[in-house]
Amino acid sequence: MNSIYFTEEHQLFRVTLRDFLHKEVVPHIEKWEKTGTIERFIWKKFGEMGFFGINYPEAYGGMNLDLFYTVIFLEELQKIKSSGFAAAMWAHAYLAMTHLNAEGDEQIKQDYLVPSISGDKIGALCISEPFGGSDVAGMRTLAVKKGDKYYLNGSKTFITNGVYADYYVVAAKTSPELGNKGISIFLVDTSNPGISATKLDKLGWKASDTAEIAFDNVEISEKNLMGEEGKGFPYIMQHFALERLIMAINAHARSEYAIDYTIEYMSQREAFGSTINKFQALRHTMVEHATDVEHCKVFNYAAVARLNKGEYVVKEATMAKLKSTKVADETIYSCLQMLGGYGYMEEYPLARLSRDSRLGPIGGGTSEILKEILSKMIIDKQNYQPAVK
């Protein structure tokens, strides 16, 4: 099945990435999980290897590769025992940088996209707010224009890379009376006065820096408006398809990792005179989970293939995230159970994986919100359209 989407070049890339992660990242994971801080040197190493520029234009230092290289990037990051580290990398490369590439003008691309690809700058996407996480249209952050400046006031929360970041891609209302038609997107350098970031203490994703950010009369040049004023909501919705597919791919990849680890454990663990992989109840449980994960994987790859052709796959991406994150939680819960008491021990990967996985049905739009979006599309026949620049 993989040969449908992955060439020999893709597989060579996977081997290169896997070797890099095990040599350069894995030795530091436990320290970063404990300290909650990913050291800057690793960002630069990712940049030097070209991993941040996989699907970005060569003109800005990227490699302009297809989305299945991105799939490999995401899958391998899920298999090194830190979804928090993985989140820091993909949030930079595919949340913040996606907006730079799509809506940023040439100056913004030179000043921020180029150093983001090289690993010299770290970005964060700022959409969710304390009073409306999944309710993008209900945001309260305002950007008021005076002369050739905007003045930004408000707050954002659950922002991945919020403390590490050198720049934010910020959604704010420029015409609040217009509702979701009054939202715009800005590039905000974190060196600007009036910005404060507070690190949040989370259940999982410990290595990832997640922050609440406050903007107090932050002055932004009108040149830092990205795209057209008032087009922020359709820009966000358009890129949500990629974000949801990313989280779906993450989910099937960590599920596979959990299954592979658990099957290996079951082949060695003995009880009642036999290895536990011979017990029918346990065997059948693992087979059911493996089947569910494979179904998700096939669907996710098909959606990626369509997105790679430029199709607008917001419905399929929403379905992919909804299903894959649910399957991941169920699979990892069972895998932890298969390890018995050892599954509850921190030295085994399932304990951390179960905590990290729980964010899947929450981040990037909760499952409840995704169900309502799909209800509007499937039942009410609402047709979402991509933004037109």
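Numbers for the structure displayed
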| read-out | value |
| --- | --- |
| Residue that is farthest from residue 366 (Cα to Cα) [pool: residues in region 307-333 that are among the hydroxyl-bearing types (Ser, Thr, Tyr) and open to solvent by less than 40 Å² (accessible area, probe 1.4 Å)] | 331 |
| Scope region 356-366; condition touching a residue at least 12 places away in the same chain (Cβ under 8 Å) and surrounded by fewer than 17 Cβ atoms within 10 Å (Cβ to Cβ); matching residues | 366 |
| Single residue of 34, 79 found to be open to solvent by 10 Å² or more (accessible area, probe 1.4 Å) and more than 16 Å from the chain's Cα centre (by Cα) | 34 |
| Residues that are closer than 13 Å to residue 76 by Cβ and not charged (D, E, K, R), drawn from region 19-36 | 20, 21, 22, 25, 26 |
| Total residues in region 257-285, condition touching a strand residue (DSSP E or B) at 6+ places or on another chain (Cβ under 8 Å) and either in contact (Cβ under 8 Å) with a residue 12 or more places away in the chain or charged (D, E, K, R) (or both) | 3 |
| Candidate set from region 48-68 (those that are of a type in the set (Gly, Ala, Ser) and closer than 16 Å to residue 109 by Cβ); member that is most open to solvent (accessible area, probe 1.4 Å) | 59 |
| Residue list for region 75-120, filter: within 20 Å of residue 357 (Cα to Cα) and part of a loop (DSSP other than H, G, I, E, B) | 78, 79, 80, 81, 82 |
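The values are calculated or read from the model by the stated rules, or taken from the named source; none is laboratory data. From a predicted model like this one, the values you see are computed outputs, not experimental measurements. In this analysis, Cβ positions are derived from the backbone assuming ideal geometry, glycine residues included, and neighbour counts consider all displayed protein chains. Protein only, heavy atoms only, side chains kept; ligands, DNA and RNA dropped before computing areas. Shrake-Rupley method; radii C 1.70, N 1.55, O 1.52, S 1.80 Å.
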